[in-house]
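Below: the structure, in structure tokens.
Any read-out appearing in this document is the output of simple, stated calculations on the displayed coordinates, not a laboratory observation. Please read all numbers here as calculations on a predicted model, not as lab measurements. Note that we place each Cβ from the backbone using ideal geometry, even for glycine, and neighbour counts take in every protein chain shown.
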Amino acid sequence: MATQSSKFSLFEEHSIPSEGRDVLHARFMLPKPPCKPRRVLFIAPLIGAGAAQSLLVFRNLTRRGCILASFEYRGHPRSTGTFELDRTVSDVRHALVWAWNYANERDLPLHGLATCFGTVPLLAQFKDEGCGVLLRTVNAASSLFRLDQILRLDDFAPFLSRHLGCEPSSESILAGIVENTIDCSSSTFREALVEFLRRMFPELAVERDRFEELQFDRVNMARTVLQFSKARYLDGIAVPSWIPCHFFFGRNDALMSLDTAAGREAYIGRVRSIIPHAQLHECEVDHFGRGPDREWLIQSVGDACERYDSIPVPMTGVTKPLGLGVSADDAASPVLD
């Protein structure tokens, strides 16, 4: 059992088993007394983000009784293992099942939230062996549905060509990786990648050895590039109509071309094609949530959760999660002061 101190602790830290012997580091933010926990809000993380990053963004929701729960993908500072894109889907599955057990033990409903890339592995839980049906609601902001909405291999090719001294196409890059004629762990590839990511994300910390908190040495770069180019994680997902879905997007989001009427129309069409019953909300923010509607967006997520806390969750035909052999409390480390 998690040890409790007489002094209130805002954060809990947990260790969540993943495949093999890999362990995911998770951090939860609790409502401060006298506010009582009313729900668990599971937040699928971003690539490069530590477990606390999303908690700090949405921290005001703890005042409304939300226990905010997030984690770090494998390969990140306090999780074990190596990062690759496919593993983000399985990591979210393991963490989401664990969060469901945590919420269930406390008789609390479980809701889902994601921003940008986190939308991909969260929505991927609604296909195959996923566990998305455990959620009362799905909420997402600045959502990606395919990675090439922002990053495209064709755009990376010119950066790589300057370092290789040739002009590879996206097809030849992929072929070179498969045939081992392009070494994704080489300094040449790394320099091109860093230059490309700095150009795409000037607001983020991109260094020679890392993207935000993710060290490149802990990334299976070859597999990640191939998965980036080939994987279509959301093909065939089916979100049940009884799960309310709220998607928030910013009309100042130039990164996803939502600052134009045509871009917004295309985005709305994409959301509708994937989740026909989704409710869309346009607001005055950019891709990173900056703008006058920032707090409105956060509180609207809280509104959606409160509205559907008591929604019945049909479990017919759904295998009840068993916590992957570890109960929520048994896997908990002592809470932080």
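Of note:
- Once exposed loop chymotrypsin sites (Phe, Trp or Tyr not before Pro) are cut out (DSSP; at most 16 other Cβ, 10 Å), longest piece of the chain: 9-241
- FRET efficiency for the pair Ser187 and Ala254, taken as 1/(1 + (r/R0)^6) with r the Cβ-Cβ distance and R0 = 25 Å, rounds to 0.20.
- Rg and Dmax of the range 153-230, Cα atoms only, in Å: 11.9, 35
- In this simple spin-label approximation, Glu19 and Asp303 carry label points 7 Å from Cα along the Cα→Cβ vector, and these lie 4.1 nm apart.
- Counting neighbouring beta carbons within 10 Å and listing from fewest to most, the residues Met256, Met29 come out as Met256, Met29.
- Value in Å of the Kirkwood radius, where the range 114-272 supplies the Cα pairs that are averaged: 17.5
- Taking 0.36 nm per residue of sequence separation and removing the Cα-Cα distance, the Ser172/Asp235 pair yields an extension gain of 20.1 nm.
- Computed extension gain for His277 through Glu265, at 0.36 nm per residue and net of the alpha carbon distance, reaches 2.7 nm.
- Euclidean distance between Cα centres, the range 27-41 to the range 204-241, Å: 31
- Less than 5 angstrom separates the built amide H of Asn139 from those of Gly112, Leu113, Ala114, His246, all sequence-distant by 5 or more or on a different chain.
- For the range 1-136, convex hull of alpha carbons as volume per residue, Å³: 110
- The range 183-299 - Rg and Dmax from Cα coordinates, angstrom: 17.7, 50
- Cut-off under 5 Å, modelled amide H: who pairs with Ser18 long-range: Val23, Leu24
- When the trypsin sites (Lys or Arg not before Pro) in the range 129-201 are filtered for DSSP coil states and for at most 15 other beta-carbon atoms within 10 Å of their beta-carbon, the remaining sites are Arg146, Arg152.
- Only alpha carbons enter this Debye calculation for the range 74-114, each as an equal point scatterer, and the log10 of I(q)/I(0) it gives at q = 0.17, 0.30, 0.35 Å⁻¹ is -0.55, -1.00, -1.13.
- Helix-derived mean residue ellipticity, 222 nm - over the chain, DSSP H n ≥ 4, -39500 (n - 2.57), to 500: -9500 deg cm²/dmol
- Available extension along the chain between Thr82 and Arg208 is 43.6 nm, counting 0.36 nm per residue and deducting the alpha carbon span.
- Computed E for Arg218/Cys35 - FRET, C-beta separation, R0 41 angstrom, nearest 0.05: 0.65
- Ratio Rg/Rh [Cα only; Rh per Kirkwood] for the chain: 0.97
- Number of Lys pairs (Cα under 21 Å; 8 or more positions apart or on different chains) in the chain: 4
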